[in-house]
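The values are calculated or read from the model by the stated rules, or taken from the named source; none is laboratory data. In this text, all values refer to a predicted model and were calculated from it rather than measured experimentally. Counting neighbours? That spans all protein chains shown, and the Cβs are built from the backbone with ideal geometry, glycine included. Just so you know, the surface numbers come from the protein's heavy atoms only, side chains and all, with ligands and any DNA or RNA stripped out. Shrake-Rupley method; radii C 1.70, N 1.55, O 1.52, S 1.80 Å.
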Amino acid sequence: MQGREHTSWVSRFCALLAPLYDYTFLNLPGYRQAARDLITQLAVGADDVALDVGCGTGLLTLPLAEQARRTVGLDLSSAMLEKLAAKAARQGVTLELHQGSVLDLPCADGEFTLVTTAFMLLYLTPEEKQQALAEIYRVLTPDGRLGCLSSQGEIADIFLTREEWQTLLSDAGFTNVRIEDRYDVFRLVTAQANHQ
Ligand SMILES: C[S@@+](CC[C@H](N)C(=O)[O-])C[C@H]1O[C@@H](n2cnc3c(N)ncnc32)[C@H](O)[C@@H]1O
């Protein structure tokens, strides 16, 4: 389920998954709390312009939109985006949603002070992960922040190990990499852009 050639497969998979997503994945023990912990750690403020890539049904996007000045959610799957749009409308939350890929972000250089992503990088090959991080770096302001939620690569190899995160992020130009594990399986990763 990795790679650009699987883009349409991911979209079809997510079309099936979207109606049940919140009841299954978001109710996994620790999932929502780990997401809240990441948002807290990022200290999102009223000056932030935030992008959540692979936003799905809005695990990170909705809390970001409550705190940031402007919040954009981007996902490959129209079904996930429709679900998120309905949730945002019900909750009276304002956000912008775009269908697209992290590999080719439809965003200007330096547009965001903050980029987040949760459980999206696992869909990408190692080369695509590097491309995704380069795209994220490009759309961040010179000292913009990155926040990632994932699981621990040391216990399931579909996810990144601490060493792999360090290499991926420092190769992309990020500094201040911080990696914290929570609730047995979750991993919070934060870092900062360092544009010259
Ligand atoms: C497991 S879901 C996670 C959703 C949400 N971030 C969460 O944690 O609940 C993965 C999401 O990543 C999206 N995705 C996968 N590959 C993507 C890509 N190349 N660009 C943007 N979104 C992608 C999928 O469509 C799906 O909505």
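Scanning the range 126-163 for residues that are small (Gly, Ala, Ser) and open to solvent by 30 Å² or more (accessible area, probe 1.4 Å) returns Ala134, Ala156. Residue count for the range 21-60 under the criterion of being in a helix (DSSP H, G or I), among the aliphatic types (A, V, I, L, M) and modelled with pLDDT under 90: the result is 1.
The set of residues in the range 68-102 being more than 14 Å from the ligand (Cβ to nearest atom) and closer than 14 Å to Thr116 by Cα consists of Ala68, Arg70. Does the range 164-175 contain at least one residue that is open to solvent by less than 30 Å² (accessible area, probe 1.4 Å), under 17 Å from Asp109 (Cα atoms) and not in a helix (DSSP H, G or I)? Checked the range 164-175: at least one residue is open to solvent by less than 30 Å² (accessible area, probe 1.4 Å), under 17 Å from Asp109 (Cα atoms) and not in a helix (DSSP H, G or I).
Considering Asp47, Asp37, Asp52, the condition of being farther than 25 Å from Tyr183 by Cα and in contact with a strand residue (DSSP E or B) (Cβ under 8 Å, 6 or more places away or on another chain) is satisfied by Asp47 alone. Against the test of being of a type in the set (Ser, Thr, Tyr), open to solvent by less than 60 Å² (accessible area, probe 1.4 Å) and farther than 18 Å from Thr71 by Cα, the options Tyr183, Tyr123 yield a single qualifying residue, Tyr123.
None of Asp143, Asp181, Asp157 is farther than 19 Å from Gly30 by Cβ and without any contact (Cβ under 8 Å) to a residue 40 or more places away in the chain except Asp157.
Scanning the range 11-47 for residues that are β-branched (Val, Ile, Thr) and closer than 14 Å to Leu59 by Cα, we see that the one that is farthest from the ligand (Cβ to nearest atom) is Thr40. Contact map, the range 11-38: first residue open to solvent by 80 Å² or more (accessible area, probe 1.4 Å), second residue at pLDDT below 90 and within 9 Å of the ligand (Cβ to nearest atom), Cβ cut-off under 8 Å, separation 6 or more or different chains; pairs are Arg32/Leu26.
Sub-9 Å Cβ pairs linking a first residue in the range 106-134 that is within 11 Å of the ligand (Cβ to nearest atom) to a second residue that is among the acidic types (Asp, Glu), at least 6 apart or interchain, are Thr116/Asp52; Thr117/Asp52; Ala118/Asp52; Met120/Asp75; Leu121/Glu128; Lys129/Glu164; Gln131/Asp104, ordered by first then second residue. Return yes or no: is Ala50 in contact (Cβ under 8 Å) with a residue 24 or more places away in the chain, over 21 Å from Asp104 (Cα atoms) and either touching a Pro at 6+ places or on another chain (Cβ under 7 Å) or open to solvent by less than 20 Å² (accessible area, probe 1.4 Å) (or both)? So Ala50 fails the test.
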